[in-house]
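A.B. asks: Right, I'll just put the structure down here and ask away after.
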Amino acid sequence: MIIAEAEKRVLGAVIANNQILDLVVDLVRPDDFSVDAHRLLFGAQCTLREANQPITANTLADQLRGFRAQVTDDALRDLVAVSANRSEALADAGIVLRDSLRRQLVTLGTGLAVRANQPPEETQSPADYLAQLIANHESAIAELALRQERKPERPFADVAEDLLASVKRQEARGLATGFKSIDEYFGGYIAGHLSVLAARSSRGKTALAVNIARNNLKLLHPILFITLEMTYDSEMVERFIAAEGCVNFLKARSYGYQPDEEERAIEAAAHIAKWPLRIRYRPLLKPRELRLECRRAAQEIGPLKLVIVDYLGLMRGDRHENQRYVEIGNIVVQLKALAGEFGFPILLLAQINREAVRDGAEDSPPTLAQLRDTGTLEEHADDVSVLWHKPQHEQQSNSDWTAVQLIIRKQRNGPRDAQCELKFRQGWGRFEDGDEDWL
């Protein structure tokens with residue numbers, strides 16, 4: 001009875017003030033209403049609003065003339081008598097949504113119990129059947145959780161007030177990389193944006209992502225690092241410890257630690273263990289699986305400030321496509337949507353086409369046209385940066401450091417084609433700021 005009354009108040013508030021529908025429609029859908037008549041009425045209200053028609057008892061009666069057995073004149077008169085303001089209507093819509101989610105959870109649970117007791121098909125192993133069953137229901141529950149978290153769109157005036165206040169406080173809009181040479185030109189990783197870091201194979205894109213993560217983890221910004229090619233229990237941990245402690249593990253395994261290296265490694269490991277970092281090795285990751293990983297990590301370490309995915313070429317789409325570039329395009333679109341839904345930035349690593357190297361372009365900086373597999377990446381990414389190692393004749397002789405440029409090829413909130421000077425020590429996997437005087 002309480003739910004039915006809440007549904008009635010939402011419908012009546014929309015009739016009293018048609019603009020309220022623009023607010024509650026962000027929370028509830030027609031199928032969320034438990035009473036058949038209310039479901040029909042809310043659907044009719046949405047149809048009238050889309051057609052720019054007034055929502056009144058008369059227009060609703062005309063819209064639902066084929067359903068007069070369910071929606072009577074008495075029911076319409078009861079709705080006209082309802083008086084509810086904006087905040088009350090939103091509160092009632094929240095009640096309707098929560099009850100709908102509860103009912104859907106019951107349905108999911110009942111279906112899971114039935115299917116869990118069914119044998120797999122002859123062509124499917126028990127392990128594969130169980131894995132698919134879990135994945136399908138995890139995805140469905142994640143969708144419900146996302147709806148619960150969604151809030152109505154904020155009015156323009158409220159957004160503008162917060163924006164101007166943040167500018168006055170000189171707050172950065174996006175998450176900085178922690179490198180002065182980059183942040184001078186780069187607007188930062190902004191919540192809801194898809195950022196791309198691209199490089200040719202084995203040119204340090206994973207190492208730079210690790211260093212960007214390090215710089216933010218020191219500020220206790222929760223970060224999820226997804227790797228599709230390096231196992232969590234060895235390679236990625238080694239990269240973080242090496243970069244933080246300035247340790248060359250390759251040489252240490254062959255010739256032993258250099259003076260103070262072991263102490264630095266132990267100290268770095270102790271620091272990293274306290275950071276809000278989650279590393280996940282997920283080969284052949286799909287977008288829907290990334291959604292679940294993000295949700296789990298947020299529950300463990302708090303709201304995520306940055307999600308790093310290494311790398312696009314190893315991902316798989318939620319559905320198989322005969323042409324790989326189509327599949328990659330779908331993945332990019334889904335990652336962009338995922339960043340917007342959750343409200344955090346995603347840093348997606350990608351490769352530059354090998355054809356560019358064969359064509360003699362190794363000595364020239366990569367371009368957007370050389371992004372591998374798809375033009376969708378260039379189209380949908382909010383910013384794209386490429387790593388370029390300077391030619392040998394421009395490097396310092398007898399130095400363990402290599403001169404590298406990060407070139408910002410695309411950016412919505414700053415200059416394009418800005419060249420940011422960095423130096424890279426491959427043995428440590430560590431990047432630092434560089435400048436012309438260093439070369």
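The values are calculated or read from the model by the stated rules, or taken from the named source; none is laboratory data. Being a predicted model, the structure only gives us computed values, none of them experimental. In this analysis, Cβ positions are derived from the backbone assuming ideal geometry, glycine residues included, and neighbour counts consider all displayed protein chains.
A.B. asks: Being in the same structural domain as Q334 (by TED's automatic domain parsing), part of a helix (DSSP H, G or I) and in contact with a strand residue (DSSP E or B) (Cβ under 7 Å, 6 or more places away or on another chain) narrows it down to one of A213, A198, so name that one.
C.D. replies: Going through A213, A198 in turn, just one is in the same structural domain as Q334 (by TED's automatic domain parsing), part of a helix (DSSP H, G or I) and in contact with a strand residue (DSSP E or B) (Cβ under 7 Å, 6 or more places away or on another chain): A213.
A.B. asks: Whether any residue in segment 9-28 is of a type in the set (D, E, K, R), in contact (Cβ under 8 Å) with a residue 40 or more places away in the chain and not in a helix (DSSP H, G or I) is what I want to check.
C.D. replies: Checking segment 9-28: at least one residue is of a type in the set (D, E, K, R), in contact (Cβ under 8 Å) with a residue 40 or more places away in the chain and not in a helix (DSSP H, G or I).
A.B. asks: Looking at segment 56-78, can you tell me whether even one residue there is within 22 Å of R147 (Cα to Cα), surrounded by fewer than 20 Cβ atoms within 10 Å (Cβ to Cβ) and touching an Asp or Glu at 6+ places or on another chain (Cβ under 7 Å)?
C.D. replies: no
A.B. asks: Here is a check on your reading of the model: is R49 of a type in the set (K, R), within 30 Å of L144 (Cα to Cα) and either buried (at least 16 other Cβ atoms within 10 Å of the Cβ) or in contact with a helix residue (DSSP H, G or I) (Cβ under 7 Å, 6 or more places away or on another chain) (or both)?
C.D. replies: yes
A.B. asks: Right, another one. Any residue at all in segment 160-167 that is modelled with pLDDT of 90 or more and not in a loop (DSSP other than H, G, I, E, B)?
C.D. replies: no
A.B. asks: Right, here's the next one. I'm checking my understanding of the structure. Among residues of segment 396-418 that are free of Cβ contacts under 8 Å to residues at least 24 places away in the same chain and farther than 23 Å from G245 by Cα, which one is surrounded by the most Cβ atoms within 10 Å (Cβ to Cβ)?
C.D. replies: Only one residue tops the list, namely R416.
A.B. asks: I'd like to check something: does segment 207-221 contain any residue that is among the small types (G, A, S), closer than 17 Å to Q426 by Cα and surrounded by fewer than 16 Cβ atoms within 10 Å (Cβ to Cβ)?
C.D. replies: No, segment 207-221 contains no residue that is among the small types (G, A, S), closer than 17 Å to Q426 by Cα and surrounded by fewer than 16 Cβ atoms within 10 Å (Cβ to Cβ).
A.B. asks: Looking for something part of a helix (DSSP H, G or I) and β-branched (V, I, T) - is there at least one such residue anywhere in segment 246-265?
C.D. replies: The answer is no; no qualifying residue exists.
A.B. asks: Let me ask another. Residue under question is L105, and the condition is that it be assigned to a helix (DSSP H, G or I), closer than 19 Å to R288 by Cβ, at pLDDT below 90 and not hydroxyl-bearing (S, T, Y); does it hold?
C.D. replies: Criteria not met by L105.
A.B. asks: Where residues in segment 78-89 are modelled with pLDDT under 85 and not in a loop (DSSP other than H, G, I, E, B), which of them is farthest from the chain's Cα centre (by Cα)?
C.D. replies: D78
A.B. asks: Just name the residue that is nearest to G204 (Cα to Cα) out of those in segment 275-300 that are out of contact with any strand residue (DSSP E or B) (no Cβ under 6 Å at 6 or more places or on another chain), modelled with pLDDT of 90 or more and aliphatic (A, V, I, L, M).
C.D. replies: Ranking the candidates gives L285 first.
A.B. asks: Does segment 123-146 contain at least one residue that is at pLDDT below 80, surrounded by 15 or more Cβ atoms within 10 Å (Cβ to Cβ) and not in a helix (DSSP H, G or I)?
C.D. replies: no
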